[in-house]
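Contents: one structure, followed by commentary.
The values are calculated or read from the model by the stated rules, or taken from the named source; none is laboratory data. This is a predicted model, so every value here is computed, not measured. Using ideal geometry, Cβ is built from the backbone for each residue, glycine included, and neighbour counts are taken over all protein chains shown. Accessible surface areas use protein heavy atoms only, side chains included; no ligands, DNA or RNA. Shrake-Rupley method; radii C 1.70, N 1.55, O 1.52, S 1.80 Å.
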Amino acid sequence: MTGQATFRTALLDASQPTPGGLTDGQGRPAGRRYDVYRNNVAVSLAEALETGFPTIAKLIGPGNFRAVAARFLRASPPSSPLMMRYGAGFAEFLETVKPLAHLGYLPDVARLELALRRSFHAADHTQADPAILQDLDDDALMACRMRLAPSVAVLRSAWPVVSIWAFNMRPGSPKPQARPEEAVILRAEFDPEPNVLPMGGADFLEALIRGDSFGSAMAAAGEDFDVGAVLSLLLGHRAITGIDFEDTP
Amino acid sequence: MFDQTPAGLPAAPGVGYKPQHFSDILEDAAPVGWLEIHAENYMGDGGRPLAQLRHLSERFPISVHGVGLSIGGEGPLDPDHLARLKHLVGWLNPASFSEHLAWSTHDSHFLNDLLPLPYTEKALARMADHIDQVQEVLGRQMLLENPSSYLAFAESTMSETDFLREIARRTGCGLLLDVNNVFVSATNLGYSPVGYIDDYPLDVVKEIHLGGHDEDEDDHGAPLLIDSHGRAVVDPVWALLDETLSRTGPRPLLIEWDTDVPDWSTLRAEAKRAQDALSKVTA
């Protein structure tokens, strides 16, 4: 009997012998025929990771990426048949890879790529009528609550994570300057893009996503926050899906 | 027996849909008869994949081909995945749903490959139970595809064709006959591909797959073919298709090309060759 537990364990661990009870169809041991499955599993999962994290692959080179992917897929095989979700823990794994420790920004770049992928597959949405905002007086604006599209995501990094991503993925982008960056991912139609936020922008958007009022979100963002710039980003990407006035004080 | 009775796939060539071909397909005045998608790529919440699929489904019959249900698994089917499949099949109402004689998940670890199982009474009973469950949840007949084999199980007590025939008999499922898989398995395990077709329950074949394979060798220098779906269909597989169609009559034919995906015109040329094969047989 060759159970699936045995078959599976040896698939992911090349130091395990080929499971017994497997033949070449002529009664001889299967030998390297079993390695076809080992190879299929390793290659297909590594390719799925590379598809999901193209910037990481570019930053460390394809050879290094395959080596890192080989370790990750053995430590964290997928828990779901949806490969679009594979690699949720890849950023945290990269933090533990000692030979990559000098590239301290890698885990945050991986977080950005994962957030872009989630945004790509997020539910579609319809934009709220922007004219509603224009008609509000200050008190009504401060009291309202804005709903944002499911494809919106906020990131904070001690690194210039969006600039690093753009420099590698968008030809002609300027060289990254050493600075922390806060970012919002916005998907106007189908293609999510990361946008650098002005100071306080992440606090502001996270407050809106939590369901805080516009006024509370402004307070969370602090003084000197450029709310106009962030509203322009949201409106330009059709990211506001609703404006609620109920439960206003 | 089933709630839903979809119209079925046309006895015409189809291709495995790749997003990079979206515009070419829509601009092609005479593209292909139908498209097949991998179910798991269309289980997100929204975005371009689902928008493209909605668009294509208005113009083409769609076959949903699952690669992640692990019907041959020792454990129970994943209820979450079954629910996702029910949702997809529910809104899309595809012309066909098919899955594999294989397993891919064990202890909730998904291995992203179609893994083999022994052909025993125990495996047969388990597989039939799983197919009953799938057909009940989806409310329709499913098709089951024969695998590409690189090895055999010493414990097997019946042939693959007997295993498939009995599953179809017990569950009422249809079969998806992949003639490239037949050629690959027959070469790898040392039996005759035509002999396999002789033994196969052709009366329940509702779809035929064609694809390319790579060539390697085993420890003894014997040919070991790898089902890579990364190149054109080879002549001996086209010949095996002709042999099969001469017995079944016209069937829906699919070209699978999943790695090193070519441009649309190359893929369409393969579909044209499938059309030529269909033209040689009469219903």
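Listed here are the residues, each with its yes/no results for (1) crowded, with 17+ Cβ neighbours inside 10 Å; (2) of a type in the set (V, I, T); (3) over 19 Å from the mean Cα position of the chain (by Cα); (4) not in a loop (DSSP other than H, G, I, E, B).
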{"residue": "B:T187", "(1), (2), (3), (4)": "yes, yes, yes, yes"}
{"residue": "B:I208", "(1), (2), (3), (4)": "yes, yes, no, yes"}
{"residue": "B:E215", "(1), (2), (3), (4)": "no, no, yes, yes"}
{"residue": "B:G221", "(1), (2), (3), (4)": "no, no, yes, no"}
{"residue": "B:R231", "(1), (2), (3), (4)": "no, no, no, no"}
{"residue": "B:L240", "(1), (2), (3), (4)": "yes, no, no, yes"}
{"residue": "B:R247", "(1), (2), (3), (4)": "no, no, yes, yes"}
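What's the number of the condition B:D235 fails, among (1) under 23 Å from B:G16 (Cβ atoms); (2) under 18 Å from the mean Cα position of the chain (by Cα); (3) among the charged types (D, E, K, R)?
(2)
Please find, within region A:213-249, the residue that is farthest from A:N195 (Cα to Cα) out of those that are exposed (fewer than 15 other Cβ atoms within 10 Å of the Cβ) and among the aliphatic types (A, V, I, L, M).
Within region A:213-249, the first condition is being exposed (fewer than 15 other Cβ atoms within 10 Å of the Cβ), and the residues that meet it are A:222-224, A:228-229, A:232, A:235-236, A:244-249.
Restricting the remaining residues to those that are among the aliphatic types (A, V, I, L, M) gives A:229, A:235.
Details: A:A229: 11, A:L235: 13 Å.
The selected residue is A:L235.
Hey, among the residues in region B:234-254 that are over 30 Å from A:R28 (Cα atoms) and among the β-branched types (V, I, T), which one's nearest to the other protein chains (Cβ to nearest Cβ)?
My answer is B:T244.
Report whether or not A:A10 is farther than 18 Å from B:T105 by Cα and open to solvent by less than 50 Å² (accessible area, probe 1.4 Å).
Working: farther than 18 Å from B:T105 by Cα: no; open to solvent by less than 50 Å² (accessible area, probe 1.4 Å): yes.
Criteria not met by A:A10.
Can you name the residue in region B:92-112 that is surrounded by fewer than 21 Cβ atoms within 10 Å (Cβ to Cβ) and under 16 Å from B:S70 (Cβ atoms) and, of all such residues, is farthest from the other protein chains (Cβ to nearest Cβ)?
My answer is B:D107.
Looking at A:P171 and the list (1) part of a loop (DSSP other than H, G, I, E, B); (2) of a type outside the set (D, E, K, R); (3) under 19 Å from A:R111 (Cβ atoms), which single condition is not satisfied?
With (1) part of a loop (DSSP other than H, G, I, E, B); (2) of a type outside the set (D, E, K, R); (3) under 19 Å from A:R111 (Cβ atoms) applied to A:P171, the lone miss is (3).
Among the residues of region B:72-87, is there at least one that is within 8 Å of chain A (Cβ to nearest Cβ) and under 17 Å from the mean Cα position of the chain (by Cα)?
Checked region B:72-87: no residue is within 8 Å of chain A (Cβ to nearest Cβ) and under 17 Å from the mean Cα position of the chain (by Cα).
Can you tell me which residue within region B:50-69, out of those that are open to solvent by 10 Å² or more (accessible area, probe 1.4 Å) and among the small types (G, A, S), is nearest to the other protein chains (Cβ to nearest Cβ)?
Looking at the filtered set, the residue picked out is B:A51.
Please verify whether B:S148 is in contact with a helix residue (DSSP H, G or I) (Cβ under 7 Å, 6 or more places away or on another chain), hydroxyl-bearing (S, T, Y), touching a residue at least 40 places away in the same chain (Cβ under 8 Å) and farther than 22 Å from B:R251 by Cβ, treating the condition exactly as stated.
Working: in contact with a helix residue (DSSP H, G or I) (Cβ under 7 Å, 6 or more places away or on another chain): yes; hydroxyl-bearing (S, T, Y): yes; touching a residue at least 40 places away in the same chain (Cβ under 8 Å): yes; farther than 22 Å from B:R251 by Cβ: no.
So B:S148 does not fit the description; no.
Look at region A:123-167 and say how many of its residues are open to solvent by 30 Å² or more (accessible area, probe 1.4 Å), outside any strand (DSSP E or B), under 16 Å from A:L197 (Cβ atoms) and of a type outside the set (A, V, I, L, M).
1
Among the residues of region A:52-92, what is the count of those that are within 14 Å of the chain's Cα centre (by Cα) and touching a residue at least 12 places away in the same chain (Cβ under 8 Å)? Spell out how you get there, then give the answer.
Initially, region A:52-92 is screened for residues within 14 Å of the chain's Cα centre (by Cα), giving A:52-56, A:83-92.
Restricting the remaining residues to those that are touching a residue at least 12 places away in the same chain (Cβ under 8 Å) gives A:52-56, A:83-84, A:86-92.
Selection size over region A:52-92: 14.
May I ask you to say which residue of A:G31, A:G3 is within 12 Å of chain B (Cβ to nearest Cβ), of a type outside the set (A, V, I, L, M, F, W, C) and within 13 Å of B:L115 (Cβ to Cβ)?
A:G3
Which ones in region B:249-262 are closer than 28 Å to A:R32 by Cα and part of a loop (DSSP other than H, G, I, E, B)? Don't jump to the end; show me each part of the working.
Residues of region B:249-262 closer than 28 Å to A:R32 by Cα: B:256-261.
Across region B:249-262, the qualifying residues are B:W257, B:D258, B:T259, B:D260, B:V261.
Answer yes if at least one residue in region A:44-54 is more than 23 Å from B:D80 (Cβ to Cβ), modelled with pLDDT under 95 and assigned to a loop (DSSP other than H, G, I, E, B), and no otherwise.
Checked against the condition, which is being more than 23 Å from B:D80 (Cβ to Cβ), modelled with pLDDT under 95 and assigned to a loop (DSSP other than H, G, I, E, B), region A:44-54 yields no hits at all.
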